[in-house]
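Visitor: I'd like to ask you about the structure that follows.
The values are calculated or read from the model by the stated rules, or taken from the named source; none is laboratory data. Note that the coordinates shown come from a computational prediction; the quantities given were computed from them, not determined experimentally. Glycine gets a Cβ as well: all are built from the backbone with ideal geometry, and neighbour counts include every protein chain shown.
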Amino acid sequence: MRSRSLISARWLLTVLAVAGLTVLAACAGQTNGPSTAKGEMAPPEQQVLRLRLQSEPKTIDPQLANQAQETSIIKSLFAGLFTYNEQLQVVPNLAKEMPTVANGGISKDGTTYTIKIKEDAKWSDGKPVTADDFVYGMLRALDPKTGSPYASFFHGIAGAKAYNTAMGTPADPKTPSDEQLAGLRAGVGVSARDEHTLVYQLVQPNPSYLNLLSLWTAFPVRRDIVEKYGPQWTEAGNHVGNGAFMLREWSHNERLVFVPNPFWSGEKPKLSRVELNFIADDVAAYNAYLAGDIDVVTVPPPSVREVRTAGSALNAQLIVQPNLATFALFMNNKVAPFDNQKVRQAFGTAIDRVAYVEGVLQGGGVPTTSWIPPGMPGYNPKIGEQYAFDPAKARKLLAEAGYPNGQGLPKVTFLMVANDTNRIVGQFVQDQLKKNLGVEVDVEYVEGRVYGATFTQNQHQVVIQRWNADWPYPDNWLPDLFATGALNNHANYSSSKFDDLVAKAAAEPDDRKRLSLYDDAHKLMVDEAGVVPLYNPVTYILVKPKVQDLVITGLDGFIKGDWNLHKTYIGSGD
C-alpha cells in the first residue's frame, strides 16, 4: 500500500496549521485515499524522502518544544518509553513491555509505575540509554528555570508541581534559594531503581499516564551533552539523540537533514536520508511538489477543489485526513478589548463559519462551536451553539459591552504568519468583522518563529489558533489550556469555577462522573468565550506515488507520517 491514512480519537498537542496559521478520529484503522500494491524498494541511493517545513524551528529540544513542526522533528530524533502504532494505540518503544497491575508495572492503587527499559537501547553515539537519562529529562522539564511549556502536564507526579512552580509566575514571582530548589527537586517522584528500571510515583491514579509518557517532554536527553554545549546542544555536530534517525545537517534558514541512527535497536529505517526543506509559503510548497522538488505536501485551500475533482491528474495522489483538532479565536482575555467577555462573544458571533470553511478553506474543515472535537470522549456538539453566526446578535453584544457600532473600541490587531493563504484568511476576517460587526481590524503578518514566540509568551491580542490532541481525553483539552495560570493557557482565561470543576474531574475515579465534570467545565469555558471555536480541520495531502508506507494519522504534527517515519520507503516505480 502506497500510503496509509488512519483516523483515531487520539491527539497531539501542538500549535501549527492547515492554512499556514502557526499553532499551537472516529475509527482507528480506517484507510483514506488511494491504495496501490506495494512496490519493491528502490536502491539505497534513491531512499531519499524530501519534505517541507514551514519555517526554521525555534527549537528541537524535547523539553522546550511545543509547536507541531518542532515535535514532528523530535519524534524522529528521539524515542520515549512508549509510542503509537498504526492504530494509534500506546505500545512499548524503549520500554520492555506495557506495565500492568498483573506484571507489577502498575501498583494496585494506580499511583506507582515501574517500567523496565530495553537493555539494547542506545544513543546515536553508541552509549547505552539508561534510566538516569529519563530521570534527567523529566527533572529538566520540571525545573522552573527551564520554562518547559508542557511541564504542567506532569504535575501529577508527586512533588512535580511544587518544584515546577517554585519560582512563581511573572505576576507573582518567588525567589527560592538554590538549596530550596534542590530540596524540591529531590522530592519529585521519578527515580532510577537501577540502570534499566524507572519508577514514577503519582499523587493520584491517572488513566492517561502512559499517553503522557509517549510525549516528547518525557523523552530522555543526555546530561553530559546538554551541559557541554548549553543552548547549542541541538545543533548538527553537537546533537546526540536516541531515535530511529539522527541529525546530519542543520543549514539554518534552508533545511534539516536526517540519516538513520546506526545504533537504533528498533525497526531499522528504510530511508537513507530525510530532507526537510524550509518553505514558508503554502503555495510555494505546492508548486515545489508539482515541480518534483518535494514528495509530500499539504494542499493549500485555493487548490483543494482542483485536486478533489475525480479524474484530475493529482486526484490519484490525494489523501484526505480528518484531524482531531480545533481552530478557534484565541483572544487574550487580559488585553483590551478582549478582557470584556461580551466583546469576545461579539467577535465569535460575527464570523460566518460556513463561509470560512467553504470559501476560504475550500472545504478544508467542518464548522463548529464546540472546543472538544468529534471522535473523542467529551465531544458535545451543542456546546457554544449560542455563538453560531448571527450579525444582529453580534452587534447587540458589542453594544452591551459598551461599544455600540464599534464606537470607542480599542484598536484590534490579528497576528498571523506571513504567507499567501493567511493573507486570504486575514482579508476574510477583516471583511467579516467590518460587515457584520461594524469594526475595522488590522492584521499583522510575521515570520513563523516570531508568531510562535509572541503567542507562547502571551503577547498577542488575537490569533486564529489550532490545538491537536496528545491523547484521547478531555484532560488534554481543558485543564492545561484554560486553568488559571496553566503554562499552555495562551488565552489567559481564568475562572475559579472552571478550576474547581477540572480539579474535581481529575480526582474522580468514576469515568462517567469524570466526563460529566469535564463537560460542565467545557461548557463554562465556551459560554464565557475563553476561546471561540471556529472549525475542525480536514487536511488534503498529496503524496508522490513512489513514496511507500507513509502512515498518516490524525495525531501527526506538521510532518505527515511523523510517528512512523522509519517505516516509509521509496519504491522502485515512478
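Visitor: Condition first: among the hydrophobic types (A, V, I, L, M, F, W, C) and surrounded by fewer than 22 Cβ atoms within 10 Å (Cβ to Cβ). Now tell me which residues in the range 272-293 satisfy that.
Guide: Scanning the range 272-293 gives PHE278, ALA280, VAL283, ALA284, ALA288, LEU290, ALA291.
Visitor: Six or more apart or on different chains, Cβ atoms under 7 Å: show the pairs whose first residue is in the range 178-193 and under 21 Å from ALA131 (Cβ atoms) and whose second is outside any strand (DSSP E or B) and among the β-branched types (Val, Ile, Thr).
Guide: VAL190/VAL135; SER191/VAL135; ALA192/VAL135
Visitor: Six or more apart or on different chains, Cβ atoms under 6 Å: show the pairs whose first residue is in the range 271-285 and within 20 Å of LEU565 (Cα to Cα) and whose second is among the β-branched types (Val, Ile, Thr) and surrounded by fewer than 21 Cβ atoms within 10 Å (Cβ to Cβ).
Guide: Correct list of pairs: ARG273/VAL48; ARG273/VAL259; GLU275/VAL257.
Visitor: Would you mention how many residues in the range 99-126 are modelled with pLDDT of 95 or more, surrounded by fewer than 19 Cβ atoms within 10 Å (Cβ to Cβ) and in contact with a helix residue (DSSP H, G or I) (Cβ under 9 Å, 6 or more places away or on another chain)?
Guide: So the answer is 1.
Visitor: So ALA491 clears everything in (1) at pLDDT 95 or above; (2) on the phi > 0 side of the Ramachandran plot except one condition, right? Which one?
Guide: It is condition (2) that ALA491 fails.
Visitor: Go through (1) buried (at least 19 other Cβ atoms within 10 Å of the Cβ); (2) of a type outside the set (Gly, Ala, Ser); (3) farther than 22 Å from LEU361 by Cβ for ASN422 and report which single condition fails.
Guide: With respect to (1) buried (at least 19 other Cβ atoms within 10 Å of the Cβ); (2) of a type outside the set (Gly, Ala, Ser); (3) farther than 22 Å from LEU361 by Cβ, ASN422 is out only on (3).
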